[in-house]
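Here's the structure, in structure tokens; my notes come after.
Each reported figure results from applying straightforward, stated rules to the coordinates on display, with no laboratory input. What you see is a predicted model; the values in this text were computed from it and never measured. So basically every Cβ, Gly included, is an ideal-geometry build from the backbone, and we count neighbours across all protein chains shown.
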4 protein chains.
Amino acid sequence: MLIDLRSDTVTKPTPAMREAMFNAEVGDDVLGDDPTVLALEEKTARLFGMEAALFCTSGTLTNQLAIRTHTRPGDDVICDQLSHVYLYEGGGIAVNALASVSLVQGERGKLTPELVREHIQPDDIHKPITRLVCLENTVNKGGGCYYTVPEIAAIRQVCDEYGLKLHLDGARLFNALIETGETPESYGPLFDSISICLSKGLGCPVGSLLVGKTDFIKQARRFRKLMGGGWRQAGSLAAAGIYALDHHINRLKLDHSRARKIGQLIGQLPEVKAVFPVETNIVIFQLSENILATDYVELLAQKGILAVTFGKHLVRFVTHLDFTDEQLLSLEEKLKEGIVSRS
Amino acid sequence: MLIDLRSDTVTKPTPAMREAMFNAEVGDDVLGDDPTVLALEEKTARLFGMEAALFCTSGTLTNQLAIRTHTRPGDDVICDQLSHVYLYEGGGIAVNALASVSLVQGERGKLTPELVREHIQPDDIHKPITRLVCLENTVNKGGGCYYTVPEIAAIRQVCDEYGLKLHLDGARLFNALIETGETPESYGPLFDSISICLSKGLGCPVGSLLVGKTDFIKQARRFRKLMGGGWRQAGSLAAAGIYALDHHINRLKLDHSRARKIGQLIGQLPEVKAVFPVETNIVIFQLSENILATDYVELLAQKGILAVTFGKHLVRFVTHLDFTDEQLLSLEEKLKEGIVSRS
Amino acid sequence: MLIDLRSDTVTKPTPAMREAMFNAEVGDDVLGDDPTVLALEEKTARLFGMEAALFCTSGTLTNQLAIRTHTRPGDDVICDQLSHVYLYEGGGIAVNALASVSLVQGERGKLTPELVREHIQPDDIHKPITRLVCLENTVNKGGGCYYTVPEIAAIRQVCDEYGLKLHLDGARLFNALIETGETPESYGPLFDSISICLSKGLGCPVGSLLVGKTDFIKQARRFRKLMGGGWRQAGSLAAAGIYALDHHINRLKLDHSRARKIGQLIGQLPEVKAVFPVETNIVIFQLSENILATDYVELLAQKGILAVTFGKHLVRFVTHLDFTDEQLLSLEEKLKEGIVSRS
Amino acid sequence: MLIDLRSDTVTKPTPAMREAMFNAEVGDDVLGDDPTVLALEEKTARLFGMEAALFCTSGTLTNQLAIRTHTRPGDDVICDQLSHVYLYEGGGIAVNALASVSLVQGERGKLTPELVREHIQPDDIHKPITRLVCLENTVNKGGGCYYTVPEIAAIRQVCDEYGLKLHLDGARLFNALIETGETPESYGPLFDSISICLSKGLGCPVGSLLVGKTDFIKQARRFRKLMGGGWRQAGSLAAAGIYALDHHINRLKLDHSRARKIGQLIGQLPEVKAVFPVETNIVIFQLSENILATDYVELLAQKGILAVTFGKHLVRFVTHLDFTDEQLLSLEEKLKEGIVSRS
Ligand SMILES: [Ca+2]
Ligand SMILES: [Ca+2]
Ligand SMILES: [Ca+2]
Ligand SMILES: [Ca+2]
Ligand SMILES: [Ca+2]
Ligand SMILES: [Ca+2]
């Protein structure tokens, strides 16, 4: 039994989701007439109480569209040094938006109003112009930790004070909401744009959505086209998205409880120095200094456990729709046998 | 009966293609393990006798990836003034590649060795550096006309002489091949990169492929990621692609004969001044000077015929998989009734 | 005696101008306190009845600053296919502004309201967004021909109708004004930005100015900095500029009458097929088809006459401050002797 | 008596330098025939034992040219978080090169081989490609501290191991050399490119030089043109440069000893918490937490002392050619009187 905990992106569509995809009515989305895409976009916009949405291939696309639409070349983006937009989007902030970054060293990747304020550039020709703040919720690199609405509202206030835009990389937003009990509607008014991913915890094969004002989405749609992100009969993928929003949000709780369980198990391994607090579906742990994460991930793989390195001595597990209680039991056994052989 | 001739992109997956999509084995393509995507990429590369391929959302993405991978900022691209890469990709050559264009005024959008030669920049700091030549085959804006292999070989020779790369926008390449009887294998050696579309004549919902050398595709894959074109379980779309390559190429002949028939019918309309020679599945015609294309397209729509404008007095029809003989008969009747009412 | 007619850029500062440079009071312009630079900027802004000006190294810098400040990536610039901004600025429109071009085929490089109107893009995601129109006056590649104020006002009207910005590449604007008798003040209200060159007809060693609204100049100053165009004690160059504006405008008439005289002489050469109408200080002539411009320029150089090629069979002469009546006489003699030896 | 210690850029040309400028032979540098510019470029290249040099308006231009010539969009630049290229060039790395930054937190802005190694990206499509390392010597933001040749050689070794380019922002390189006793010739072999400033310690009005291999400089010259950095009769400025290289290097020792003296005086002020070690001509000091740098700079200005803020509680003084012993005495008196009035 292969236990794939590399990422929640590895989920495959369930039979019911495949059925929804098979039956989807489609049209030509570039020409604006795929009914299922339109339905998904409208459903998502309404969910957040925002005006419009755009269905895209990936979270990188929705984030990059937001960043380039909110800024112009020579602007500066405030984000955490651990943020996905800075670390894992191929240098896209520079390439797509020609924008600079001011990197915050937040606690586990989280910004605060004070940290944002400190990173705002003065009006000086030697400096780029601060235009945009990006939050990530939950923070992948921070071990899946999350913000609450009041924390975000305080950051929004600083943005308003300085006329800055605020974008949310909400690739795993529903993991946060299911923990806090907060609603998507409470998020809409706090952001100029929100990106959510369907292909992670929600279990879709492909897809992310960018949500924002009508004008903003119109501009983003133009940029999507020249970035090659226009797609034709995308309705079958959109059908998976609609299915996921209807059926796969509440079950995220299961992923979280399984992740917590894994966190406890991992914490008992002798080679593990520390485990990040498990807040959602991500477990990051630190190995003893004599063990490289790359080696450890290989040892895990030899036992049929797939994980990824997250630093020189850091390893990440992510629970998801295709990770079952049966697999959890099997994982428990394997961990108890020990990963590192002792001589 | 609605007759949709706006584009061959409007085709919807057939039941058999949907079946193939439903049954597709999938994986995570960003992590490199979607087996159906890998199979499609390998199949396509082999088809052209080239090393590698990359499955992408759109022809705009494959073209733009090719252009940006072959060039660097400050380079110059030679293409026809009618080419898709210049006219219909949202200004992407400038935005994605920071490259300039030298626009050739070819016959119906086709380059010749002489025209290419004339547009090569001298070594002068006032000028961008000529690096890439882009052909389109068939030429959409040229009424679907096509190149033959000897014509392309002559252009390749000029490129070799000056050390230029040669890219093919082959969005409708199979329409050309089915007419000339030439093979994809004969194309591979002539180009540094080839883009083909699955979502046009081949009838797939979504997808294009970029084909080239292994190193080139590796670089393009990197750019695809930062452009947001990485997708996860894309295997269901890839399955449609495999199905199309196996079943939808030969039938393009039908689209061509139907287009020729339409060309004859259209040529008899009193308001039509000229019809471009119909070589493949595209029919472009020119209206009398007192009729605007925008008005004419509206009149057509009132009769249930969808078309697009292609200039102030130009209208385009495109035949495709979902345009049947029954629809052709209906179209014939409607055209005979007349589109423009006479008072 | 070497007769250098390659360009009016070759002029060297006169003794009086050198004196002005030597005595210039200077400061640190990046810190905003070079008094001579400030004086030149204010003098120039006032001359055009505009709000502010920015002193820069080159006409390419002022043009590129204007284009990038008026546009954002994905926008489209309408300019003539013969314009300097398209032909001779190293592909800068794409590199600096990530903007596309819609190239007009005007008469001798001049736009008309109708041509501008025809090149405005529709609101379509396949297309870049038309944002800016660029005029050149006089038109270098058009043989130094010029616009009149009413011609420009008619173009301005189209720009206003579509909300487009209008930039003037006025590298040789004073050559136009001296012919039409129009004033700089009449130009200010017609344009969103104007670039003028000091180092061409006006005889300065280095320098151009960009003129526009205060906000626009503030933004352009920022871009100037990141393009490396900030300079410290630039006051000595600014002093040359002030001197030139005070003393070198009226004398342009002499350059024009000498150019006309050269045009007449050239027109009598048997190897010359045609001479463009000489309207200002530029003489472009077309050689017989059996003579290449590159060969002819070499023959001229052997006789001590320096010129540049301007096409396969086109050669350009430019008169200027350092081209004297004595040189004109010598040129006349050499031309009478004949350039192409007959066997 | 105004004491201007804002920057060593504020220096004005001395009478002897003005004389050299006045007498300079000039030509058209864009056409490649300004003899004084050519002489300066050759002299500087020879000084470093490198192949070629390019005379430019500013250190920002030479740095940005180096960065964009060494990289292509999607690449990553390793530099210190305090480096001028990251902090003070208007976000140019992103805008001009479309490159990302990996920011090192070095000791006073200095890289080490280990720190460079840690910041090299893995071969992963989520990541930009590490291509270039930038050093600054002396480090402005580090209080004018410097590297020695062995320190740099160790970094070069890491670069060679990974195939990385190494660029030196040597805006104040001669300040380092005069302290270490090392020669420019020892620097040439260590770097792929070196930028030096003439307008700082060397006292020129305008100008920097980029030095490197012939091919590299040819490419940089092309980019300079499209960035608007081509200048015509720049020979008068080049003459100042030649004069400065001949006469103003050894005297930098005076600036250093005066800076050290200032450091001692400042350290005795009650409101000063700490002074950075004074290694060259820069003095940075930290104020007590109850005093803002902006307020303190204003108090200094009221006493006729000009300085700049360098952080919330940091102030910078820079000594230079126009700062004399007489001014030092006056400064001493003013500091003894006290800057902050006590009530
Ligand atoms: Ca998935
Ligand atoms: Ca396309
Ligand atoms: Ca289709
Ligand atoms: Ca000049
Ligand atoms: Ca200076
Ligand atoms: Ca600088």
For D:Glu298, which inter-copy label distances result when the label point lies 7 Å beyond Cα on the Cα-to-Cβ vector, reported in nm to one decimal and in ascending order? 6.2, 6.4, 7.0
Could you tell me the extents of region A:11-247's C-alpha atoms along the three principal axes, largest first, rounded to whole Å? 56, 37, 29
Select from D:Gln233, D:Gln302, D:Gln286 the residue whose mean-square fluctuation is largest in a Gaussian network model of chain D (Cα-Cα springs shorter than 10 Å). D:Gln302
Those residues of region A:324-339 whose amide nitrogen sits under 17 Å from the label point placed on A:Met1, 7 Å along Cα→Cβ: A:324-338
Using only the alpha carbons of region B:275-343, determine the length spanned along each of the three principal axes and report them from longest to shortest in whole angstroms. 33, 26, 16
Under 1.5 on a/c is rounded, so check that first for region D:119-232, then, if it is not, pick prolate when a/b is larger than b/c and oblate when it is not; a ≥ b ≥ c are the square roots of the alpha carbon gyration tensor eigenvalues. oblate
Which of A:Pro277, A:Pro128, A:Pro150 fluctuates most in a GNM of chain A (C-alpha springs under 10 Å)? That residue is A:Pro150
Between the label point of D:Ala154 and that of the same position in each other copy, find the distances and list them shortest first in nm, with every label point placed 7 Å from Cα along the Cα-to-C-beta direction. 4.2, 6.5, 7.3
Using just the helices of chain A, give the 222 nm mean residue ellipticity in deg cm²/dmol: DSSP H runs with n ≥ 4 each add -39,500 (n - 2.57), and the total is spread over all residues, rounded to 500. -12000 deg cm²/dmol
For the protein assembly as shown, the Cα gyration tensor yields equivalent-ellipsoid semi-axes (√(5λ), largest first, whole Å) of 52, 46, 26
Compute the Cα gyration tensor for region C:3-85, then decide on rounded, prolate or oblate, letting a ≥ b ≥ c be the square roots of its eigenvalues: rounded whenever a/c is under 1.5, prolate when a/b is larger than b/c in the other cases, and oblate in all that remain. oblate
Fewest-first sequence of D:Phe285, B:Phe22, D:Phe310 by Cβ atoms within 10 Å of each Cβ: B:Phe22, D:Phe310, D:Phe285
Given a Förster distance of 41 Å, report the FRET efficiency between C:Leu306 and C:Asn250 from their Cβ-Cβ distance, rounded to the nearest 0.05. 0.95
FRET efficiency (C:Gln81, A:Arg108; Cβ distance; R0 60 Å; to 0.05) is 0.60
If you place +1 on the Cβ of every Lys and Arg, -1 on the Cβ of every Asp and Glu, and leave all else neutral, what size is the dipole of the protein assembly as shown about its Cα centre, to the nearest 20 Debye? 0 debye
Efficiency of FRET between C:Ala154 and A:Gln264 - r from beta-carbon atoms, R0 56 angstrom, step 0.05: 0.10
Of A:Leu166, A:Thr130, A:Gly207, which is farthest on the positive side of the dipole of region A:11-247, counting Cα position, with +1 on Lys and Arg Cβ, -1 on Asp and Glu Cβ, and the Cα centre as origin? A:Gly207
Along its principal axes, what span do the Cα atoms of region D:70-137 show, with the longest given first and each in whole Å? 32, 28, 17
Ranked B:Val340, A:Val133, criterion: other C-beta atoms within 10 Å, fewest first: B:Val340, A:Val133
Exposure proxy ranking, count of Cβ atoms within 10 Å, fewest first, for D:Glu107, A:Glu151: D:Glu107, A:Glu151
In chain D, which cysteines lack any other cysteine Cβ under 4.7 Å from their own? D:Cys56, D:Cys145, D:Cys159, D:Cys197, D:Cys204
Select from B:Leu198, B:Leu168, B:Leu329 the residue whose mean-square fluctuation is largest in a Gaussian network model of chain B (Cα-Cα springs shorter than 10 Å). B:Leu329
Taking the Cα-to-Cβ direction at D:Glu42 and at B:Thr294 and moving 7 Å from each Cα, how far apart do the two end points lie in nm? 6.4 nm
